[in-house]
Amino acid sequence: MNKELRYKVPSELLEEEAKRELAALAEEIKIHDIEYYEDNNPTVDDVYYDGLRRRFDTLASYFPRLPISTEIMEKVGSAPAAGFNKITHSEPMLSLANAFDREDVLEFSERVRRFLRLGPEITLELVAEPKIDGLSASLRYEKGELIYGATRGDGTTGEDITKNLLTIGDIPKTLTKQVPDVLEVRGEVYMTKSAFEELNVSQEAIGKSKFSNPRNAAAGSLRQLDPSITAARSLNFFAYSWGQVSSMKIDTHFDFLNLFEMNGFVVNELTEICNSVDQVLSCHEKIHKRREQLPYEIDGMVYKVNRLDWQNRMGSISRSPRWAVAHKFPAEQIETRLIQIDIQVGRTGVLTPVGRLEPVKVGGVIVSNVTLHNEDEIQRKDIRVGDRVVVQRAGDVIPQVVRVNRDARSQYSEKFIFPKKCPSCGSETRRGEGEAARKCVAGLFCDAQAVERLRHFVSKNALDIEGLGEKQIRSFWEKGWIRNPADIFCLKRYRDELEMLPGWGGKSIENLFEAIENSRVTKFDRFIYGLGIPQVGQQTAKLLAENYIDIEHWQIEMIRCTQGDEVAWDLLTNIDQIGESVGQDLLDFFNQKGNLDIINALATELSIEPYVPEKTSQSKITGKTVVFTGTLVGMGRAEAKAFAEKNGAKVSNSISQKTDYLVAGEAAGTKAKKAEQLGVSILSEQEWMAMLDEESS
Ligand code: IVH
């Protein structure tokens, strides 16, 4: 979500303040980089992001003595993702400096002239090209044959996405016309607006989430490990730059573009040679007007010095060439009416106000919803239902309300009062000190949070129930079979219905029930963690388990806290690393009767083992992965699992290369066969027990 940027001018800042601000900026930029490049899911728009970067650059150059995060200075993208091979670019893939208005462009042109010492009588040719909103890629050809194609990655190292790029029609496999031995062609992979719309229709039809814009859709499609998925998506490519090139006679950028075109690449048809700043500016204006009609998304223009000898003389600084600049389009602002403010409850309980608008077209897209961020934002901008509001959709991402048109406000309008109760479950809400978000404290029984909380409850570090992923939980939740964690243990009553569901066969149902049974014996700290109480992660759960030893004790003490018992409260908040803030979250949780009911129900279904201090000595089975199969005579499956875990082993439900031991009870079936094939040691129940005895003696 975008925050408003209000900065002090650098001259008003002490060096110490600048240092702090730079560190904070670096931190924030890093987060947005990951969201944008790795998750393909930006949470702020380009204008906001560019603002952060500009502020960073301004402070960095104003305070040259401060240590600057070179990672941010030089970073032009993201590190390669797992799953693809890495490719080190022979020449780094650079980024572009930004210009936002006429003055910035003039300054760019002056800088170039000064650098090259061009007198006023000399014409500076600039090539103006649209700035395509996609992802850059580098294609390496040797003797005219495509050797590989890579993403930009962090500018130095990218991912090998050759197979995916080969599915794009605009990318030729071989080049034949006047091609040097080595030629790296660079450009932008993008998705047209219509292909994006079509893709979203089919995503929706198969129940998958929609992409928020063509750039994200292109990124998601290109970074598929399975190239047949990329092939099924419609992607395009514009060539506009190059990397390594073995010697050849070319004098200008424009000639390079012609060479690309000759060899079957697509060069953007709006590319133009301009002879003055006025000319690039009018080109900018002309294309800005046509922006909506274009079949693909662009977010500005790029101006490049045409003469290559001049480009070479200029070189680049940190992450961008001195001879080029990106002139961004301003964010479009449109006025419309705010019809209503709804409060949405997110999966972690955060209440987010959403403005419902009279639909308007902003930046080429119909906008009818707008996030209002939080209650302070509504207060600060004094946004009221019925107001005429100015909406902005910068580049491609989340629309926002810039300001309210006070002149058009009705005299009867009323201040918006942010609700104090959760609109989903009616429970109390709370805002922590220094926090912007108001949260529903209901925890386990708030419907809006249910699926996420259930997912957390069964996750690896909590109850660890294999086979119960988000998809299954959602489907069971929608059927009303599981509403809270305790319901998971009564799932067996829906066995017959489950058999009728697509995707569920005898074996998978068996496995699911087995996993559920195995989870009935659990450790106290895992149980606490599984409740998903805000701020109670694994570490805090362990601390609580260590201090309260068992569930009965803990529950009694927590209830005492809610009743204002000072001794109980001191006991809690004096635990090293647990303070008042965590204490308050625990209080909120135990103050809800619904949560107590769920804990009680769980306590009857589960066997929650009291806390046992961790064994420090390494044993023969510490860290080993064990699978049980068949009927165990000595003890039940759940008990055997708990016993193994107590002795430091990991228990899994399925055999894989990672399995160390298969403990085979009576009538062991296919798992034993699989273990044999994989060379996993098979132990009888007696052998296993003997091994444990050795451990404990
Ligand atoms: S030139 C050496 N030209 O914008 C300069 N980039 O902010 C390399 N982009 O990474 C880039 N259209 O992903 C160039 N006509 C164009 C472009 C363009 C879009 C993207 C590209 C680049 C980013 C830089």
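The values are calculated or read from the model by the stated rules, or taken from the named source; none is laboratory data. Being a predicted model, the structure only gives us computed values, none of them experimental. For neighbour counting, all protein chains shown are included, and Cβ atoms are generated from backbone atoms with ideal geometry for every residue, glycine included.
Could you pull out the residue among Glu285, Glu332, Glu297, Glu272 that is crowded, with 16+ Cβ neighbours inside 10 Å, among the acidic types (Asp, Glu) and at pLDDT 95 or above? On inspection, the qualifying residue turns out to be Glu272. Return yes or no: is Val127 hydrophobic (A, V, I, L, M, F, W, C) and either away from the ligand (no atom under 12 Å from the Cβ) or surrounded by fewer than 16 Cβ atoms within 10 Å (Cβ to Cβ) (or both)? The answer is no for Val127.
Considering only residues in region 653-681 that are buried (at least 17 other Cβ atoms within 10 Å of the Cβ) and part of a strand (DSSP E or B), the one that is farthest from the chain's Cα centre (by Cα) turns out to be Ala664.
Scanning region 124-170 for residues that are free of Cβ contacts under 8 Å to residues at least 40 places away in the same chain and closer than 24 Å to Ser320 by Cβ gives a single hit, Gly149.
Exactly one residue among Arg313, Arg291 is surrounded by 13 or more Cβ atoms within 10 Å (Cβ to Cβ) and more than 31 Å from the chain's Cα centre (by Cα), and that residue is Arg313.
Among the numbered conditions (1) within 30 Å of Gly144 (Cα to Cα); (2) not in a strand (DSSP E or B), tell me where Tyr303 comes up short. Answer for Tyr303: the failing condition is (2).
So, Ser320, is that one surrounded by fewer than 18 Cβ atoms within 10 Å (Cβ to Cβ) and touching a Cys at 6+ places or on another chain (Cβ under 9 Å) or not?
Values: surrounded by fewer than 18 Cβ atoms within 10 Å (Cβ to Cβ): yes; touching a Cys at 6+ places or on another chain (Cβ under 9 Å): no.
In short, no.
Based on this model, can you work out whether Gly564 counts as at pLDDT below 90 and either closer than 20 Å to Cys440 by Cα or not charged (D, E, K, R) (or both)? Against the criterion (at pLDDT below 90 and either closer than 20 Å to Cys440 by Cα or not charged (D, E, K, R) (or both)), Gly564 does not qualify.
Yes/no per residue for (1) touching an Asp or Glu at 6+ places or on another chain (Cβ under 6 Å); (2) over 28 Å from Ala232 (Cα atoms); (3) more than 12 Å from the ligand (Cβ to nearest atom):
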| position | (1), (2), (3) |
| --- | --- |
| Arg113 | no, yes, yes |
| Gly119 | no, yes, yes |
| Ile122 | no, yes, yes |
| Leu139 | no, no, yes |
| Glu145 | no, no, yes |
| Gly158 | no, no, no |
| Ile168 | no, no, yes |
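The numbered conditions (1) crowded, with 16+ Cβ neighbours inside 10 Å; (2) under 24 Å from Phe524 (Cα atoms) are all true for Gly636 except (1).
Looking only at region 197-216, residues that are under 30 Å from Asn258 (Cβ atoms) and aromatic (Phe, Trp, Tyr) come to 0 in all. From the set of residues in region 523-546 that are of a type in the set (S, T, N, Q) and touching a helix residue (DSSP H, G or I) at 6+ places or on another chain (Cβ under 8 Å), which is farthest from Pro613 (Cα to Cα)? That would be Gln535.
Count of region 238-257 residues, restricted to those that are surrounded by 14 or more Cβ atoms within 10 Å (Cβ to Cβ) and more than 14 Å from the ligand (Cβ to nearest atom), is 2. Tally up the residues in region 242-267 that are in contact (Cβ under 8 Å) with a residue 60 or more places away in the chain and of a type outside the set (A, V, I, L, M, F, W, C), please. Count: 8. In this structure, Phe265 does not satisfy being in a helix (DSSP H, G or I) and either within 16 Å of the ligand (Cβ to nearest atom) or among the charged types (D, E, K, R) (or both).
Across region 359-387, which residue is surrounded by the fewest Cβ atoms within 10 Å (Cβ to Cβ) among those that are without any contact (Cβ under 8 Å) to a residue 60 or more places away in the chain and acidic (Asp, Glu)? Here the residue is Asp382.
All of (1) surrounded by fewer than 20 Cβ atoms within 10 Å (Cβ to Cβ); (2) over 28 Å from Pro613 (Cα atoms) hold for Asn484 with one exception: (1).
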